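One structure is given here, and the rest of the page talks about it.
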Amino acid sequence: MNRKEMNKNNPLRALSPDANGGGISQRMGLVMARAGIGKTAILVQIALDSLLRGKKVLHVNIGQSFEKTKIWYEDIFKDMVETYKLENSAEIMDEILPNRIIMTFKESSFSKPKLEERLNDLIYQNIFRPDCLMIDGLDFSNTDRQSMVEMRELMEAMDLHIWFSALLHREDERTSKNGVPAPCHEIDDLFDTVVLLRPEVEKKSVALDVIKDTTGSTDESGRILDLDPSTLMLTRV
């Protein structure tokens, strides 16, 4: 399969139907799950799909090292190559790597102003301007509403996609009226798309439920994708 065919057949077309990189230019998305279910794998697949469609991605990892994040990309790309029998994979990897930057923060040092400062350094020096921003590891239990309002303002000002991961806690059963669980239940109005990862032990898979989408890019709701726990690759239901 060539790159164009893989983009067309990527299960993520369920969330972003335009395989050519068009469609909506802004989205604030959220992937929620308990620890170890696959949040980072989903973010990296969204990032790689963007890179393979010619977009630029800034991956912000909070609390994890550059090397660990880099390995996530290498492993997921390898699985994509095997799944899709991708032709010229080495050349494609060389082509997309310059369009990805990994930025790391310690948990105590991340804030929107600090992110914006480092981002502006890249933009003003004409080094890098992302189309897609991944923020993995943000502690929503200690994130106030104003911080997320500012992130949405950043999305609008820079005309980009921002995807977050959020950790669910089994003992916290609070949900919003839209069904978005804690700790994001009181800020769910700030997200355009919310995806919940739900383990299905009997089927040995993880279901991806779209519990909110206001972008109009998908007519579907509920379970639209599965995540194979053995390969961490997405599949259509």
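The values are calculated or read from the model by the stated rules, or taken from the named source; none is laboratory data. Predicted, not measured: the structure shown is a model, and the values here were computed from it. Cβ: placed from backbone, ideal geometry, glycine included. Neighbour counts: every protein chain shown. Areas reflect the complete protein model, heavy atoms only, side chains present, ligands, DNA and RNA absent. Shrake-Rupley method; radii C 1.70, N 1.55, O 1.52, S 1.80 Å.
Each residue was assigned an accessible area with a 1.4 Å probe, and for His161 the value is about 30 Å².
Based on Cα contacts under 8 Å between residues 6+ apart, the chain shows a relative contact order of 28 percent.
I'd like the antiparallel share, as a percent to the nearest 5, of DSSP beta bridges with both residues in the chain. Let's see the in-between values first.
Values: 18 of 44 bridges.
In the chain, DSSP labels about 40 percent of beta bridges as antiparallel.
Amide H to amide H distances under 5 Å link Lys212 with Val194, where only residues 5 or more positions off or on other chains count and H is placed in the peptide plane. Computed over protein heavy atoms with a 1.4 Å probe, the accessible surface of the chain works out to 49 Å² per residue.
So for the range 26-144, Kirkwood radius off the Cα pairs, Stokes-Einstein at 25 °C and 0.890 mPa s: how many µm² s⁻¹? Present the calculation step by step, with values, prior to reporting the outcome.
Details: Rh = 15.3 Å.
Translational D for this selection: 161 µm²/s.
Just add up the charged neighbours of Glu87: K/R +1, D/E -1, any other residue whose Cβ is under 11 Å from the Cβ of Glu87.
Values: positive: Arg3, Lys4, Lys85; negative: Glu5, Glu91.
Here the charged neighbours net out to +1.
At a Förster radius of 35 Å, what calculated FRET efficiency corresponds to the Cβ-Cβ distance of Arg170 and Gln64, to the nearest 0.05? Don't skip to the end; give the middle numbers.
Details: r = 22 Å, r/R0 = 0.64.
That gives a FRET efficiency of 0.95.
In the Gaussian network model of the chain, springs joining C-alpha atoms below 10 Å, which of Lys212, Lys177, Lys112 carries the largest mean-square fluctuation? Comparing Lys212, Lys177, Lys112 in the GNM, the peak value goes to Lys177.
Compute the signed sum of charges (Lys and Arg +1, Asp and Glu -1) over the other residues within less than 11 Å, Cβ to Cβ, of Gly38. Net charge around Gly38: +1. Extension gain, Asn126 to Thr215: 0.36 nm times the residue separation minus the Cα-Cα distance gives 29.0 nm. By the Kirkwood approach, averaging reciprocal distances over each pair of separate Cα atoms, the chain gets a hydrodynamic radius of 18.1 Å. So for the pair Lys112, Ala157, with labels modelled 7 Å out along Cα→Cβ, what separation do we get in nm? Using points 7 Å along Cα→Cβ, the separation is 0.9 nm.
Rounded, prolate or oblate: which one fits the range 155-210, using the alpha carbon gyration tensor with axes a ≥ b ≥ c (rounded when a/c is under 1.5, else prolate when a/b beats b/c, else oblate)? Oblate, because a/c is 1.5 or more while a/b does not exceed b/c. Simple rule: put +1 on each Lys or Arg Cβ and -1 on each Asp or Glu Cβ in the chain, find the dipole, and look at Asn126, Ala157, Asn7; the Cα lying farthest toward the positive end is Asn7. Taking a Cβ cut-off of under 10 Å around Phe191, the surrounding Lys, Arg, Asp and Glu residues balance to a net charge of -1, with basic ones at +1 and acidic ones at -1.
By accessible area, using a 1.4 Å probe on protein heavy atoms only, the chain has 46% of its surface on carbon and sulfur. The phi torsions of the range 149-161, fed into the Karplus equation with coefficients 6.51, -1.76 and 1.60 and a -60° offset, translate into couplings of 4, 5, 5, 5, 4, 5, 4, 5, 5, 9, 6, 9, 9 Hz, rounded to whole numbers, with Gly and Pro shown as x.
To make sure I understand the rule: partners must be aspartates and glutamates, Cα under 18 Å from the Cα of Lys203, and not fewer than 8 residues away in the same chain. Which ones qualify? Reachable aspartates and glutamates: Asp226, Asp228.
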